[in-house]
Amino acid sequence: MEKPSTLREIITDWASDQPTFRMSWGKAMMWIFLLSDAFIFGSFLAAYAGARLAATGPWPAAEKVFALHIGHTEVPLLLIAIMTFVLISSSGTMALAVTYGYQKNRTKTGLFLMLTVLLGLTFVGMQVFEWTKLIHEGFRPWENPMGAPQFGASFFMLTGFHGMHVTAGVIYLLIVAIKALRGVYDRLGDYQNVEIAGLYWHFVDLVWVFIFAFFYLL
Amino acid sequence: MPHAASHTTEEHHEPTGFWSRYIFSQDHKVIAIQYTITALVVGFVGLFLSWLMRLQLGFPGEFNFINPNNYLQFMTQHGMIMVVYLLTAILLGGFGNYLIPLMIGTRDMAFPFLNMLSYWIYLVSVILLLAAFFVPGGPTGAGWTLYPPQSVLPNASPGADWGIRLLILSLAVFVASGTMGGLNYVTTVLQLRTRGMTLMRMPLSVWGIFIASILALLAFPALFVGGVMLLLDSLFGTSFFIPVVNVLGQQLGREGGNPILFQHLFWYFGHPEVYIVILPAMGIVSDLLSTHARKPIFGYKAMVISIAAIAAIGFIVWAHHMFVSGMNPYFGFWFAIATVIIAIPSAVKTYNWLLTLWKGNLHLNTPMLFALGFVSTFIIGGLTGLFLGNVIADVPLHDTYFVTGHFHLVMGVSAIFGIFGGLYHWFPKAVGRMYSEALGKLHFWVTFVGSYLIFFPMFGEGFLGLPRRYFSFKGIESFSPIIHDLNVFITIVALAVGAAQLLFVFNLIWGAWKGRKAEANPWRATTLEWQTPTTPPPHGNWGAQLPVVHRWPYDYSLPDAPQDYIPQTTSQRS
Ligand code: HEM
Ligand SMILES: [Cu+2]
């Protein structure tokens, strides 16, 4: 008898009358949402590429625009590096929260969620600082002193849209954290929602890495 | 999954008050009806606008209140309404909501509250859309494709200030609503199927809606992003899409934008969008043909695979709308090839429909007639699409009435026929009463013959070079005089066909109110929705026990079976 191929087994499994993915509805939905959201960010990044390639003015050098002066030295991309570090750390604390959620450890889950919220807030705060600084230096969506107007337009659009995701995430995580601390998930006997919120948060962090690479580094 | 199963039984106590039952209902059947009625009402606005355009085209100069500006505004609102707010909304929000839970045997969508929200947000988007008629400058007249620069530059097209902003806002709200709906439909199909309902036992209606929902989730993002950038260009003076522009010798202070970028974003959404409306219609038509021809669908697996193939290839053909846009001509070659390739799965589906009908025992009632109408208009519209997919032929035909004829037949009329067929077919289940067959048939024949009389002559007009999106052809001597006569003729038919839609409205209202009581399964169909304990199905759909599925949905006219159909819930042959 011929051994059925693994591919065939996977397909049969998927197509059976069981839930296609062995997970709760909420988690499945979050994954599908993130796929759709990834297409939004993908479109934003592709559109940014299209705008940048077509721009006729000179494209400003990101390391100049985003440099900080410390004493007399100019450190390129310092703030952005810190922001990136903060956001990636917050992914770490989020992962810990999820792990403690699996262990149904109410306080530690809540604690690490709160820590994630704080890191997220720090990120948003630094972004506000960055925007203010650039606006002071004359950067506007429609013009900037360093070159092609599409630079400012893309900057405010990309970081603004991502920043809105982080802000929404902070609020979302805060709600989950309060629920966790209040023992709502203990009573449900299920910390799923922490994990689902974690998916969203990791996604937002991942998107930042792409924005960091394509907007600030390239 | 025990976790998931417990949800369904616990959370379903029937709501009692009027408001929670009929207005802020979370029942997928009520939401489906809300979606359907709202979409039909906006659809009638769109139909009315097409009357105004036709009056102008048939009798230029006779109707003084129509001027070049508001002709373009009517045209834009008409196109947008028909494609997005009617077809997309009714097929996904209406049919998707009604059919998915009933056909796969679940009590409701995965997230009923989100589902309700999706409807109310859709309503907001409709209100924003129609509000554009009342703002200074009126709605945008840039065409439903909203191409910049003219859609956002002041005075370049009507409604370039408030009209376009309101429309973008409305579209963004629609995308939010569509995303909520789409997430629900996809999750529900993947995770909530009842026992025995494997993926390959799902009716093709569910397959069409399911794949179309995935398309919506992956295509709307590009529209959203294009819209956001267009809004920034309009509100904040950014220049994403606006190159150096000279207006009356004056240079606007914009530079370096890329108008073709918008076209790419728009059509990356726009082409999948036509499949978002046609795939559910195809699914519905497949089920109607099989049921009313009393024959198993021919090539079920091929049907499923071609739906998926059309959807996948549909994402890499978008620039066939842009052959003359000035993009790199080498792209044209690739997109033309991809377009021809996508014709293959479409042809597979068409052959399968014809083979399903072959030697069938055709019951020519209203839903069946509309399903047959769909097949016919899809073939004619599809064949003319092959002309347009070919760069050489598209260059002269682009932006002529040939294109108008093509997309109206292949996506407009075809999708509408699928919708009419579906509405008549499921009306008895949803309402519990019958519509009038005689009126339904009259409605069909007038609409079917009328649609050809309206749109077929447009192919000829297109060959004669008549450009679309023109307010008037009066005084242009170079067009053959036959064009004038054709335009008068088309207008008269269009008025008649539009008026005939009142038959449909009357039929449904009268049927719901006074119609004969419907049996539980008047079409003797196999799928689950016809096996509910009551008609219309109760809240929670199935009473105490979820249905269990034992077979695929197309067991019609099996030899030596006692009946000519075997419901999916029947376990043995006897
Ligand atoms: C009896 C029914 C209909 C009539 C008489 C009609 C008539 C028209 C007319 C006269 C135009 C403008 C042509 C021009 O000036 O270029 C138009 C455009 C259009 N129609 Fe229809 N239409 C009908 C139904 C539909 C349906 C069901 C759809 C759904 C897909 C639809 C989608 C469109 C679109 C997308 C445009 C293009 C708008 C633009 O150029 O921006 N129409 N229609
Ligand atoms: Cu296309």
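The values are calculated or read from the model by the stated rules, or taken from the named source; none is laboratory data. Source: prediction; values computed, not measured. FYI the Cβ positions are ideal-geometry reconstructions off the backbone, even for glycines, and counts take in every protein chain you see.
Among the residues of segment B:420-468, what is the count of those that are of a type in the set (D, E, K, R) and surrounded by fewer than 17 Cβ atoms within 10 Å (Cβ to Cβ)?
So the count comes out to 2.
Hey, any hits in segment B:50-61 for a residue that's assigned to a helix (DSSP H, G or I), at pLDDT 95 or above and under 18 Å from the mean Cα position of the chain (by Cα)? Scanning segment B:50-61 turns up at least one residue that is assigned to a helix (DSSP H, G or I), at pLDDT 95 or above and under 18 Å from the mean Cα position of the chain (by Cα).
A quick yes/no check of all residues on (1) surrounded by 20 or more Cβ atoms within 10 Å (Cβ to Cβ); (2) in a helix (DSSP H, G or I):
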residue: A:Glu130; (1), (2): no, yes
residue: A:Leu134; (1), (2): no, yes
residue: A:Gly138; (1), (2): no, no
residue: A:Phe151; (1), (2): yes, yes
residue: A:Asp190; (1), (2): no, no
residue: A:Val194; (1), (2): yes, yes
residue: A:Ala197; (1), (2): yes, yes
residue: A:Trp208; (1), (2): yes, yes
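Pairs are defined by a Cβ separation below 6 Å, a sequence spacing of at least 6 or placement on different chains, a first member in segment B:136-162 that is of a type in the set (Val, Ile, Thr), and a second member that is away from ligand 1 (no atom under 16 Å from the Cβ); the pairs so defined are B:Val152/B:Asp233; B:Val152/B:Ser234. In segment A:171-188, the residue that is nearest to A:Val128 (Cα to Cα) out of those that are aliphatic (A, V, I, L, M) and surrounded by 21 or more Cβ atoms within 10 Å (Cβ to Cβ) is A:Leu173. No other residue among B:Ser325, B:Ser306 is outside any helix (DSSP H, G or I) and either of a type in the set (Ser, Thr, Tyr) or within 16 Å of ligand 1 (Cβ to nearest atom) (or both) apart from B:Ser325. Total residues in segment B:386-413 satisfying the condition of being near ligand 1 (Cβ under 9 Å from one of its atoms) and of a type in the set (Gly, Ala, Ser): the figure is 1.
Pairing residues of segment B:330-351 that are within 14 Å of another protein chain (Cβ to nearest Cβ) with residues that are within 16 Å of ligand 1 (Cβ to nearest atom) and of a type outside the set (Asp, Glu), at Cβ distances under 9 Å and at least 6 apart in sequence or on separate chains, gives B:Phe331/B:Met322.
Show the residue pairs that are 6+ apart or on different chains and have beta-carbon atoms under 7 Å apart, the first residue being within segment B:76-87 and away from every other protein chain (no Cβ under 14 Å) and in contact (Cβ under 8 Å) with a residue 60 or more places away in the chain, the second being of a type in the set (D, E, K, R) and more than 8 Å from ligand 1 (Cβ to nearest atom). Close Cβ pairs (under 7 Å, with a partner that is of a type in the set (D, E, K, R) and more than 8 Å from ligand 1 (Cβ to nearest atom)) amount to B:Val83/B:Glu273.
Here is a yes/no grid of residues against (1) away from ligand 1 (no atom under 16 Å from the Cβ); (2) surrounded by fewer than 16 Cβ atoms within 10 Å (Cβ to Cβ); (3) within 14 Å of chain A (Cβ to nearest Cβ); (4) within 28 Å of B:Leu49 (Cα to Cα):
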site: B:Phe489; (1), (2), (3), (4): no, yes, no, yes
site: B:Ile492; (1), (2), (3), (4): no, yes, no, yes
site: B:Val497; (1), (2), (3), (4): no, no, no, yes
site: B:Gln501; (1), (2), (3), (4): no, no, no, yes
site: B:Phe506; (1), (2), (3), (4): yes, yes, no, yes
site: B:Trp510; (1), (2), (3), (4): yes, yes, no, yes
site: B:Lys514; (1), (2), (3), (4): yes, yes, no, no
site: B:Glu519; (1), (2), (3), (4): yes, yes, no, no
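Under the condition of being within 14 Å of chain A (Cβ to nearest Cβ) and either without any contact (Cβ under 8 Å) to a residue 12 or more places away in the chain or within 16 Å of ligand 1 (Cβ to nearest atom) (or both), the residues counted in segment B:275-303 number 1.
Residue-wise test of (1) within 23 Å of the chain's Cα centre (by Cα); (2) modelled with pLDDT of 95 or more; (3) within 19 Å of B:Trp318 (Cβ to Cβ).
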{"site": "B:Val340", "(1), (2), (3)": "yes, no, yes"}
{"site": "B:Ala343", "(1), (2), (3)": "yes, no, yes"}
{"site": "B:Leu357", "(1), (2), (3)": "no, yes, no"}
{"site": "B:Thr366", "(1), (2), (3)": "yes, yes, no"}
{"site": "B:Thr377", "(1), (2), (3)": "yes, yes, no"}
{"site": "B:Gly382", "(1), (2), (3)": "yes, no, yes"}
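For segment B:435-458, the criterion of a residue being touching a residue at least 60 places away in the same chain (Cβ under 8 Å), part of a loop (DSSP other than H, G, I, E, B) and of a type in the set (Ser, Thr, Tyr) is satisfied by at least one position. Scanning segment B:232-255 for residues that are within 9 Å of chain A (Cβ to nearest Cβ) and surrounded by fewer than 19 Cβ atoms within 10 Å (Cβ to Cβ) yields a total of 6. Residues that are of a type in the set (Ser, Thr, Tyr) and either within 14 Å of another protein chain (Cβ to nearest Cβ) or away from ligand 1 (no atom under 13 Å from the Cβ) (or both) within segment B:425-451 comprise B:Tyr435, B:Ser436, listed in sequence order.
Counting the residues of segment B:105-148 that are within 16 Å of ligand 1 (Cβ to nearest atom), assigned to a loop (DSSP other than H, G, I, E, B) and not hydroxyl-bearing (Ser, Thr, Tyr) gives 8. When each of B:Ile416, B:Ile380 is tested for being closer than 14 Å to B:Met458 by Cβ and not in a loop (DSSP other than H, G, I, E, B), the lone residue that passes is B:Ile380.
Going residue by residue through segment B:131-151, is there one that turns out to be within 14 Å of another protein chain (Cβ to nearest Cβ), crowded, with 19+ Cβ neighbours inside 10 Å and away from ligand 2 (no atom under 16 Å from the Cβ)? Yes, some residue in segment B:131-151 is within 14 Å of another protein chain (Cβ to nearest Cβ), crowded, with 19+ Cβ neighbours inside 10 Å and away from ligand 2 (no atom under 16 Å from the Cβ).
Close Cβ contacts (under 6 Å, 6 or more residues apart or on different chains) running from residues in segment B:260-274 that are within 13 Å of another protein chain (Cβ to nearest Cβ) and touching a residue at least 40 places away in the same chain (Cβ under 8 Å) to residues that are part of a helix (DSSP H, G or I) and within 15 Å of ligand 1 (Cβ to nearest atom) comprise B:Trp267/B:His321; B:Phe269/B:Leu223.
I'd like to verify a number: residues in segment A:157-189 that are farther than 19 Å from A:Thr122 by Cα and within 14 Å of another protein chain (Cβ to nearest Cβ), how many? Number of matching residues: 4. None of B:Leu354, B:Leu372 is touching a helix residue (DSSP H, G or I) at 6+ places or on another chain (Cβ under 8 Å), within 25 Å of B:Ile310 (Cα to Cα) and surrounded by 15 or more Cβ atoms within 10 Å (Cβ to Cβ) except B:Leu372.
Every test in (1) touching an Asp or Glu at 6+ places or on another chain (Cβ under 9 Å); (2) within 14 Å of another protein chain (Cβ to nearest Cβ) is passed by B:Leu114 save one, and that test is (1). When B:Leu102, B:Leu72 are checked against the criterion of being farther than 20 Å from B:Ala172 by Cα, more than 16 Å from ligand 1 (Cβ to nearest atom) and more than 14 Å from chain A (Cβ to nearest Cβ), a single residue qualifies: B:Leu102.
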